[in-house]
Amino acid sequence: MPAPLKLLACVAAAWILLFCSGPPARAQEPGEKLCGDCSTTGKLPHPHRESVLEQERDVIYCSYWMDRDPDALSMDWVVCANCLTPSVKARAQEEFDREFGKRKQWLTDRRTIVDKVTRTECQHVETEHFVLAWDIPEIKVGRKIYRLHEAMHLYAERAEAAYARIQQLFDITDQDMLLSGKVHLYMLETQRAAAALSPTVTDLHIQGSWHTYKIGPNHEHCVAWDNPEKVLNDEYRHQFFVHALSHHVFNQVHQGDYTIWIFKRYGWMYEGLAFHLESLMFGIPRLTCGQETGHTTSFRNKKWESLVKKAVMSGDYPPFQEVITYSVDALGDEERRLSWSYVDYLLYLDPRKMPKLLSLMKGPQLPTRDCLKEAYGITMGEFVDGWKQFVLEKYSLRPDKGPIQR
């Protein structure tokens with residue numbers, strides 16, 4: 001098309017677009033005044049201290065600041081009370097009431113589901129992937145004392161950090177996760193509070209344990225109390241916390257049809273994944289969680305690398321074909337170490353293949369040999385031979401105490 005005709009066509013198109021699209025949207029109705037106070041937005045900033053903004057940066061809701069701000073429930077704006085533009089003010093009021101109602105309902109739910117049952121005054125925080133209830137008055141991290149609210153935020157950050165570490169480990173994003181609901185974590189000071197809450201959110205009694213779980217579609221809950229006989233220091237508390245929430249997060253790693261989590265049929269994978277995350281972030285795995293109650297002794301401070309390597313060198317250990325038949329509650333100490341090592345080897349081979357392996361276990365629930373063949377392209381015999389070679393070459397008889405890096 002010649003240049004003059006092309007220019008004429010563009011001008012004509014512009015005029016057609018202008019007249020067909022109707023008049024531009026108005027911020028205010030005809031005849032209404034403009035408002036200088038709010039720049040005719042109907043909204044005024046609701047300022048918070050810099051320290052508060054920093055602490056709440058990655059938080060969706062926090063009961064502590066909402067309780068201290070009953071008129072706005074910690075929102076960052078309020079309606080312009082003296083707005084000169086009625087229609088704009090009305091729209092702002094409608095938006096404010098909608099958000100205020102969501103926040104008020106969230107607080108009411110937290111108080112009803114947790115505080116009313118435990119007869120405590122927990123503080124509550126919600127992040128992108130977690131909802132955390134906390135009533136431990138203070139914790140000591142190194143030489144620093146964290147009071148209740150500060151400690152809750154520290155553990156909310158730690159939860160998101162563990163979630164991000166799992167995604168980084170498998171090279172996956174939220175699109176690869178089965179986000180059937182956020183993980184709810186309840187960290188309570190007393191056994192009485194945990195015993196009261198546990199049946200209502202996990203359908204289990206905490207009894208002699210100090211934590212319980214409920215894992216599955218649309219119900220991810222972990223209840224724990226700060227048992228001084230178990231929680232020796234914050235390092236231990238943090239390590240337990242990561243181990244416990246890892247069961248929930250690994251449950252959400254999803255690339256296929258979801259049916260059931262792998263507690264019963266693939267106990268070695270269920271345990272191996274949690275212990276592997278422990279070893280990556282802390283070093284030697286050193287705890288059992290609520291579902292790992294039987295056949296166990298204290299294995300705190302034991303060097304798992306050296307124990308597994310010595311077993312392989314001597315040939316005195318349960319075979320892979322036997323270990324993979326156990327449910328979680330049937331695994332003993334040695335089977336747990338081996339399970340950790342099996343997962344260690346698979347992630348060494350290719351962590352990006354692990355989500356496919358999990359989907360085969362959680363969806364069609366294929367036999368382990370078929371899962372390995374389809375996800376990793378190896379037979380059971382090839383897995384066992386490769387694992388033994390890996391242990392002999394990569395494990396040390398005197399491993400470092402810190403986080404394990406391959």
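General observations
- In this structure, Y395 does not satisfy being more than 24 Å from the chain's Cα centre (by Cα), touching a residue at least 40 places away in the same chain (Cβ under 8 Å) and either under 28 Å from S209 (Cα atoms) or loosely packed, with under 13 Cβ neighbours inside 10 Å (or both).
- Options D67, D71, D115: the member that is within 22 Å of H149 (Cα to Cα), touching a Cys at 6+ places or on another chain (Cβ under 8 Å) and not aliphatic (A, V, I, L, M): D115
- Members of the stretch 126-138 found to be β-branched (V, I, T) and either more than 21 Å from G181 (Cβ to Cβ) or without any contact (Cβ under 8 Å) to a residue 60 or more places away in the chain (or both), listed by number: V131, I136
- If the condition is being touching a Gly at 6+ places or on another chain (Cβ under 9 Å) and among the small types (G, A, S), then the stretch 324-382 contributes S327, A330, G332, S339, S341, S359, G363.
- Members of the stretch 28-61 found to be touching a Phe, Trp or Tyr at 6+ places or on another chain (Cβ under 7 Å) and more than 17 Å from F96 (Cβ to Cβ), listed by number: V52, E56
- Condition check for L360 on (1) touching a helix residue (DSSP H, G or I) at 6+ places or on another chain (Cβ under 7 Å); (2) surrounded by fewer than 17 Cβ atoms within 10 Å (Cβ to Cβ); (3) more than 24 Å from P318 (Cα to Cα): one failure, at (2).
- Residue match in the stretch 272-285 (condition: out of contact with any strand residue (DSSP E or B) (no Cβ under 9 Å at 6 or more places or on another chain), among the aliphatic types (A, V, I, L, M), farther than 22 Å from A161 by Cα and at pLDDT below 90): no
- Boolean, V183 is among the aliphatic types (A, V, I, L, M) and surrounded by 16 or more Cβ atoms within 10 Å (Cβ to Cβ): yes
- Restricting the stretch 251-271 to residues that are within 19 Å of E374 (Cβ to Cβ) and not in a loop (DSSP other than H, G, I, E, B), the residue that is modelled with the lowest pLDDT: V253
- Scanning the stretch 196-232 for residues that are assigned to a loop (DSSP other than H, G, I, E, B) and either on the phi < 0 side of the Ramachandran plot or surrounded by 23 or more Cβ atoms within 10 Å (Cβ to Cβ) (or both) yields a count of 17.
- Cβ separations smaller than 8 Å between residues 6+ apart or across chains give the following pairs from the stretch 108-125 residues that are free of Cβ contacts under 8 Å to residues at least 60 places away in the same chain to residues that are in a helix (DSSP H, G or I): R110/S63; E121/D115.
- Cβ-Cβ under 8 Å pairs, at least 6 apart or on other chains, the stretch 87-104 side modelled with pLDDT of 95 or more, far side surrounded by 14 or more Cβ atoms within 10 Å (Cβ to Cβ) and assigned to a helix (DSSP H, G or I): R103/M66
- Within the set V328, V384, the sole residue that is of a type in the set (V, I, T) and within 20 Å of R286 (Cα to Cα) turns out to be V328.
- Looking only at residues of the stretch 29-61 that are small (G, A, S) and part of a loop (DSSP other than H, G, I, E, B), we find that the one that is surrounded by the fewest Cβ atoms within 10 Å (Cβ to Cβ) is G31.
- The residue that is surrounded by the fewest Cβ atoms within 10 Å (Cβ to Cβ), counting only those in the stretch 147-180 that are part of a loop (DSSP other than H, G, I, E, B) and not aliphatic (A, V, I, L, M), is T173.
- Restricting the stretch 111-146 to residues that are under 19 Å from the mean Cα position of the chain (by Cα) and farther than 15 Å from S63 by Cα, the residue that is surrounded by the most Cβ atoms within 10 Å (Cβ to Cβ): H129
- Elements of type strands (runs of 3 or more DSSP E) contained in the stretch 62-146, each with 1 or more residues being in contact with a His (Cβ under 7 Å, 6 or more places away or on another chain): 77-79, 123-126, 130-134
- Check on Y186, closer than 19 Å to Y61 by Cα, hydroxyl-bearing (S, T, Y) and part of a helix (DSSP H, G or I): no
- Among the candidates I145, I139, the residue that is touching a Phe, Trp or Tyr at 6+ places or on another chain (Cβ under 9 Å), more than 12 Å from L185 (Cα to Cα) and aliphatic (A, V, I, L, M) is uniquely I139.
- Among the residues making up the stretch 321-337, those that are surrounded by fewer than 18 Cβ atoms within 10 Å (Cβ to Cβ) and either part of a helix (DSSP H, G or I) or not polar (S, T, N, Q) (or both) are Q321, E322, D329, A330, G332, D333, E334.
- Among (1) closer than 19 Å to I60 by Cβ; (2) touching a Leu at 6+ places or on another chain (Cβ under 8 Å), the one test that H153 misses: (2)
The values are calculated or read from the model by the stated rules, or taken from the named source; none is laboratory data. Everything numeric in this text was worked out from a predicted model, so none of it was measured. Here the Cβ is made from the backbone with ideal geometry for all residues, glycine too, and neighbour counts use every protein chain on show.
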